[in-house]
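Throughout, read-outs are computed from the coordinates displayed, never taken from laboratory work. Keep in mind it's a predicted model, so treat the numbers as computed, not measured. Here Cβ is always computed from backbone atoms with ideal geometry, including for glycine, and neighbour counts include all displayed protein chains.
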Amino acid sequence: MTSTRIGLATCSALPRLDSDDRPLLAALTERGVVAEAVVWDDPDVDWSVYDLVVVRSTWDYSPRRDEFLAWAQGVPRLENPAGVLRWNTDKGYLRTLEEAGVPVIPTIWLDPDLHLSKRAVHTRMPAFGDFVVKPVVSAGAQDTGRYQPVSAQSRALAITHAVDLLDGGRAVMIQPYVTSVDTAGETGLVFVDGELRHAVRKHALLTGPAEASEELYAAERMEPAVATPEQVDVAEKALAVAREQVGGEQPFLYARVDLVTGDDGTPMVIELELTEPSLWMQHSGTAATLDAFADAIVARA
């Protein structure tokens, strides 16, 4: 009798998966399947041997998005599937959410194809309030910085940051820094197979200009949280819009909706994570999220 075989896709820097996902291997084994961590860009892997491949800690994809999407397209059975990854790895999806009435952080978009001058970039920077500059395709707060418009030095650094990204062919987002992040942080709502499992709070991360780093992601300070009904409503609306965009009959195998609170108290989507989010299962308070995730994977295999 042949056992079901599950591949958990990761990156070469984390060949044994991120620490949050490692318990998933044992949970799947307990359910009678063969589960393996597999590096997504390993040329020697035969992806056809897996009954299902689940994208997990593939956190080095953003500089090679085209390569990553080509890989995803070539995996016979992938969750979340390639079409979802293509839509979700470009933060332009926030425009789609906004057009559908989902509250998001207001964003200024800069296109490298417009070949904007440094002066033109300068005119697009906010005049008041701290703001954030980041690439449209990124992960783990890489190449992301926080700036102050009242400081000539900080504003100059922001302009240089944006111009450097544009010169590298990368589209840029400029957003006001939401001040509630400094006190309340961000709230991430974790969904498995369409059901809210738990919530986490991420403390403020950005303190200054973007800095070069060899790390896959910036270290994050997390803790368990309780989602409010208003947060759940916004998160579910965002997921519904995403489902309409990518099609398919099943809910997403996994999703994390990251929210911040606006000045008027409205929850706003800062990111909708359908590609390779940490689900922070160790902060769920019980093994419920881990068990639900393992059960959902086995059911789809």
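Each DSSP beta bridge with both residues in the chain is either parallel or antiparallel, and the antiparallel ones are about 70%.
Counting only alpha carbon atoms, the long axis of helix 65-74 and the longest principal axis of the chain meet at about 20°. Taking a sphere under 9 Å around the Cβ of Glu223 and counting the other residues whose Cβ falls inside, with K and R at +1 and D and E at -1, yields a net charge of +3.
May I ask you to compute the full-extension gain from Thr4 to Val226, defined as 0.36 nm times their residue separation minus their alpha-carbon distance, rounded to one decimal in nm?
Working it through step by step, the gained length comes to 76.3 nm.
Here the simple spin-label model places points 7 Å from the Cα toward Cβ, and for Thr286 and Glu36 these points are separated by 3.5 nm. The gain in end-to-end length when the Gln153 to Asp111 segment is fully stretched comes to 12.7 nm, 0.36 nm per residue minus the alpha carbon separation. Multiplying the residue separation of His122 and Thr179 by 0.36 nm and removing their Cα-Cα distance gives an extension gain of 18.3 nm.
Just checking the listed ones, Val45, Val55, Val181: in the Gaussian network model of the chain with Cα springs under 10 Å, the one fluctuating most is Val45.
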